[in-house]
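Asks: Okay, here's the structure, questions in a sec.
No lab work stands behind these numbers, since they all come straight from the coordinates. Remember, predicted model here, so these are calculated numbers, not experimental data.
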Amino acid sequence: MKFLHMDSPFMNFLSKIADVIIINLLTILMCIPVITVGAAFTAMHYCCLKIIRGEESSITKQYFHSFKDNFKQSTIIWIIMMIFIAFFGFDFLFLYSNTSLTGSYVFWGLVLVVAVFLIIGSMVYPIQAKFANPIPKTLKFAFVYSFRHLFSSILIVIVSLIPFAGMYFFMGIFPLFLSICFSGPALFAALLYNKQFKKLEDKYLEAHPEDIPSAQDEHIFDDEAEIAAEAADAEAAKNSR
C-alpha cells in the first residue's frame, strides 16, 4: 500500500503529528523548573516554524539547540513577564476580594491591560526564536508586530487559550491536552506569522547579504532595519495611489 511508504504524504503527515507531540512533551518537561519557561517556549516556536517551513530534521536536537542558544535572553524576558503576571494576579485578587470594585471601570480597565499584555506576549518568543536582538529591541519588535498584525495576534491568543478552556470544562481530554496544549497553538501561530517573518527576513538579507545566517546560527539580525523597510514599502504604496 503506497500510503504506508515512508515518503508518502500520509506518513509525512503522521511524522509531523509525532513531531508536534514530541515538542509539546519537551516543552512541558522544560517548563517544570519554571525559570526555564521562556527558553522552553522559544525553542517550541523555533521548532514549530521549522515544521511549517518543512525544515525539520531531528526535532529533539533542534529543540535543545534553540533552548541553549536563547536561554539567557529568553530567561530574562520571562522574568520580566513574571513580574507583570504577579502584578496582574495581585490586582485581580485585590479586586475579587473587594466586591464593590469587581464590576467597576477599574476591573475592566485591568482586563483590557491584561489583554494587551497577552497580545504582545504572544509574539515575544516567536520573535526571540528567529531574530537576534537586544531585549529592548525584541520587546519593541513584539509590540510593533502584534499591533501591526492585530487580528492574527488576537487569533493566536484565543487559540492558545482554547486547550486550557477545554481542559477546565472537560477533564476527559487530559491526554490530548498533554499532547498539544502548547505546541498545537504554537504551530497554528507559526502558520500565521511565517509569511510576514519571511518577508522581513528576505528584505533584510537583500540589503545585508553579509548577515546571511549559517546552519549553526539561523538568527536574522537587527529588527529596526526590517521594520524600516516594511514602513518604507507601505509609504511608497500609499504615495503611488
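Asks: Set the bar at 27 Å for Cα to Cα. Now go through Lys137/Lys203; Lys16/Lys130; Lys72/Lys198; Lys68/Lys137; Lys61/Lys140; Lys16/Lys140 and name every pair that lies beyond it.
Replies: Checking Cα-Cα distances, Lys61/Lys140; Lys16/Lys140 exceed 27 Å.
Asks: Under the rule of at least 5 residues apart or a separate chain, name every residue whose amide H is placed under 5 Å from the amide H of Phe131.
Replies: Long-range HN contacts for Phe131: Ile220.
Asks: Could you work out the relative contact order of region 41-142, using alpha carbon pairs under 8 angstrom and six or more residues apart, expressed as a whole percent? Each step should come with its number before you reach the end.
Replies: Details: 59 pairs, mean separation 35.0, N = 102.
That works out to 34 percent.
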